[in-house]
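Enquirer: Structure below; questions to follow.
Readers should treat all values here as calculations from the given coordinates under stated rules, not as data from a laboratory. Computed from a predicted model, the values in this text were never measured in an experiment. Neighbour counts are summed over all protein chains in view; Cβ atoms, including those assigned to glycine, are modelled from backbone coordinates with ideal geometry.
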Amino acid sequence: MSFDYFMYKGVRFSPGSYSEEILNFAENEFQVLDDDVYIVTYPKSGTNWMIEILSLLKKDGDPTWCNDVLIWLRAPWYETREGQSQIKDVLPPRVVTSHLPFHIFAKSFFKSKAKIIYVLRNPRDIIVSLYYFSKIICHYKNPASFDKFFEDFVHGNLLYGSWFDHVKGWMQMKDNSNFFYITYEELQEDCQGSVKKICNFLQKDYDAKLIESVVKHSSFHAMKNNKMSNYSLATEEFIDHSKGSFMRKGVSGDWKNHFTVAQSEHFDKVYQEKMKDLNVKFFWEE
Ligand code: A3P
């Protein structure tokens, strides 16, 4: 299916799951509840991994809910056509997901006590992950080539706009007590420690048994084998299963298998230039 992205407040969206009306509702009318927790990410940063972790925490480490209920129904994307209807069935305390940039996020959030967990990932790995994802997900434009896709990412010409703007926008919240950020790479390096930090942020008591269960049931292997979490049950309208799977590799550094030396050098320059005013060092930069 061929389509063009449309612009909403300077950001690209696709006509299938979004419209001006849907986005306007998400921004101006959606009611955030004080006990909501929002998982906010640029696509391919580890969104679903965080949904699985929060789903397990919500059920005190018991994987039954994750095994019985589809991942996108446990934490709907409130800015999409489907998500806005799915969220009506979610009982508080809700976990809600969003890829929206800061400047068009639900206005009611800023008057609430709700919390945000912002997950980031090395943008080089996002490029690779999103390239393959765009081939299989119907509301993303099918990439013409990796080179063209790389350029589109650098210029922010993709669904949900520029990664750089997304990160810089959301990191304005970094000192707020209801905002917590963590990287995909930290989750990989020390999942136990990361889950403990998440519990502290959510003011949730934990013990070794809970942490162990969350880490075990949210692993790449566990999610890949869980049909409620691996997107194998998503309809053909959403995903073309013949072209690849959602749980692709789950590793860091795959960009090294895809970038040319010239692309790598070019990206380093763009990154330094665009991120120079953000006084934060992310895990992948250390
Ligand atoms: P790859 O395409 O690099 O494999 P999102 O949920 O934001 O769409 O991100 C999807 C990416 O996270 C994919 O990356 C996917 O394989 C990876 N992923 C999903 N669950 C994971 C897990 N439990 N552990 C590690 N990576 C995971």
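Enquirer: Among (1) out of contact with any Phe, Trp or Tyr (no Cβ under 6 Å at 6 or more places or on another chain); (2) more than 11 Å from the ligand (Cβ to nearest atom); (3) closer than 30 Å to Pro93 by Cα, there is one condition Leu278 misses while meeting the rest; what is its number?
Expert: Leu278 satisfies every listed condition except (3).
Enquirer: Next question, about the same structure. I'm trying to understand the selection: among the residues of region 121-138, which are part of a helix (DSSP H, G or I), over 12 Å from Phe267 (Cβ atoms) and touching a residue at least 40 places away in the same chain (Cβ under 8 Å)?
Expert: Ser129, Leu130, Tyr131, Tyr132, Phe133, Lys135, Ile136
Enquirer: Turning to a different aspect of this structure: What's the number of the only condition in (1) out of contact with any Lys or Arg (no Cβ under 6 Å at 6 or more places or on another chain); (2) touching a residue at least 60 places away in the same chain (Cβ under 8 Å); (3) more than 15 Å from Pro123 (Cα to Cα) that Asn225 fails to meet?
Expert: Failing condition for Asn225: (2).
Enquirer: Out of curiosity, is Ser85 more than 28 Å from Tyr131 (Cβ to Cβ), of a type in the set (Gly, Ala, Ser) and away from the ligand (no atom under 16 Å from the Cβ)?
Expert: For Ser85, the condition - more than 28 Å from Tyr131 (Cβ to Cβ), of a type in the set (Gly, Ala, Ser) and away from the ligand (no atom under 16 Å from the Cβ) - is met.
Enquirer: Answer yes if at least one residue in region 183-206 is in contact with an Asp or Glu (Cβ under 6 Å, 6 or more places away or on another chain), without any contact (Cβ under 8 Å) to a residue 60 or more places away in the chain and within 16 Å of the ligand (Cβ to nearest atom), and no otherwise.
Expert: For region 183-206, residues in contact with an Asp or Glu (Cβ under 6 Å, 6 or more places away or on another chain), without any contact (Cβ under 8 Å) to a residue 60 or more places away in the chain and within 16 Å of the ligand (Cβ to nearest atom): present.
Enquirer: Scan (1) assigned to a helix (DSSP H, G or I); (2) touching a residue at least 24 places away in the same chain (Cβ under 8 Å) for the single condition Phe180 breaks and write down its number.
Expert: (1)
Enquirer: Further question on the same structure: Output the number of residues of region 66-111 satisfying the condition of being assigned to a loop (DSSP other than H, G, I, E, B), touching a residue at least 40 places away in the same chain (Cβ under 8 Å) and of a type in the set (A, V, I, L, M, F, W, C).
Expert: Here the count works out to 5.
Enquirer: Working only within region 97-136, note down all residues that are within 11 Å of the ligand (Cβ to nearest atom), within 12 Å of Gly46 (Cα to Cα) and not β-branched (Val, Ile, Thr).
Expert: His99, Leu120, Arg121, Asn122, Asp125, Ser129, Leu130
Enquirer: Among the residues of region 38-48, count how many are under 16 Å from Gly161 (Cβ atoms), more than 6 Å from the ligand (Cβ to nearest atom) and not in a loop (DSSP other than H, G, I, E, B).
Expert: Residues in region 38-48 being under 16 Å from Gly161 (Cβ atoms), more than 6 Å from the ligand (Cβ to nearest atom) and not in a loop (DSSP other than H, G, I, E, B): 1 in total.
Enquirer: For region 255-270, give me each residue that is part of a helix (DSSP H, G or I) and either of a type in the set (Gly, Ala, Ser) or surrounded by fewer than 17 Cβ atoms within 10 Å (Cβ to Cβ) (or both).
Expert: Lys256, Asn257, Val261, Ala262, Ser264, Glu265, His266, Asp268, Lys269, Val270
Enquirer: A further question follows. So which pairs qualify, if the first residue must be in region 35-46 and closer than 17 Å to Tyr131 by Cα and touching a residue at least 60 places away in the same chain (Cβ under 8 Å), the second must be more than 6 Å from the ligand (Cβ to nearest atom) and part of a loop (DSSP other than H, G, I, E, B), the Cβ gap must be under 7 Å, and the two must be at least 6 apart or on different chains?
Expert: Matching pairs, first to second residue: Thr41/His99; Tyr42/His99; Tyr42/Tyr160; Pro43/His99; Pro43/Tyr160; Lys44/Arg121; Ser45/Arg121; Gly46/Arg121.
Enquirer: Related question: How about region 1-37: which of its residues are surrounded by fewer than 19 Cβ atoms within 10 Å (Cβ to Cβ) and assigned to a strand (DSSP E or B)?
Expert: Scanning region 1-37 gives Phe6, Met7.
Enquirer: Suppose we keep only residues that are surrounded by fewer than 18 Cβ atoms within 10 Å (Cβ to Cβ) and of a type in the set (Asp, Glu) within region 62-93. Which one would you say is nearest to the chain's Cα centre (by Cα)?
Expert: It comes out as Glu82.
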